[in-house]
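Here is the structure we will look at, set down as structure tokens.
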Amino acid sequence: MRSCIHCHQVGDAQRQWYRDQGGPFPQKVLFPYPHPKSLGLILDPKERATVLRVQKDSPAEWAGFQQGDSLLKLAGQPLLSIADVQWVLHQAAPEGDSLQAEVRRGDRNVAVTLSLPNGWRQREDISWRASSWGLRRMVTGGMLLERSPTDQREKLGLTDADMALTVAHVGEYSPHDAAKRQAFRRAMS
């Protein structure tokens, strides 16, 4: 047989296994391969592991990363791309871990220590990831829910403190169509 299994399929199987067990999902399974922006580190997609910018008041800023830094190593792992950074972050402890980085800044190498604060994996919005589709199936029957716009909230007499969600997408095909089979539909603009 000449086929391969994709990394996303492994993640889907892991999440399904934890769901079948009825227990909580480990952070590493729920938030796999974290994007560096979850730590305030924005990398240039056109350059080899190069810092495009550092978000204010973020773990990356506190560590001392600077725009233009070229990441050479993180936790001892040589880096070529954002995928390498994500692999290192995926292997890191959920919180409280510190990762040693080596960056090229100008004409010298600089050591930087990146501390991973509590809840750092949860800072990323994972809804854009294909890996979140299975979670939508499990939790919302295949619906993608978004915070209702202010004008809709006002029409309903709701404050900003009240929860109101709008259906932005409904899964069309099994097994992602449970909400559709219950007559849920996408909100029309």
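None of the figures in this text is laboratory data; all of them are computed from the coordinates on show. Keep in mind it's a predicted model, so treat the numbers as computed, not measured. Every residue, glycine as well, gets a Cβ built from its backbone with ideal geometry; the counts of neighbours run over all protein chains shown.
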So, relative contact order of the chain in percent, Cα under 8 Å, 6 or more apart, is 15
Calculate for the chain the 222 nm mean residue ellipticity that helices alone would give, adding -39,500 (n - 2.57) per DSSP H run of length 4 or more and normalising by residue count, nearest 500 deg cm²/dmol. -7000 deg cm²/dmol
Given that just one value was derived from the coordinates, which of [x] 16.7, 54; [y] 26.2, 93; [z] 20.1, 62 is Rg and Dmax of the Cα atoms in Å? [z]
Gyration tensor (alpha-carbon) shape descriptor, region 114-158, a/c threshold 1.5: oblate
Relative contact order, percent, region 130-181 [alpha-carbon distance under 8 Å, six or more residues apart]: 45
Estimated distance in nm for a label pair at S81 and S174, the labels positioned 7 Å out from Cα along Cα-to-Cβ: 3.7
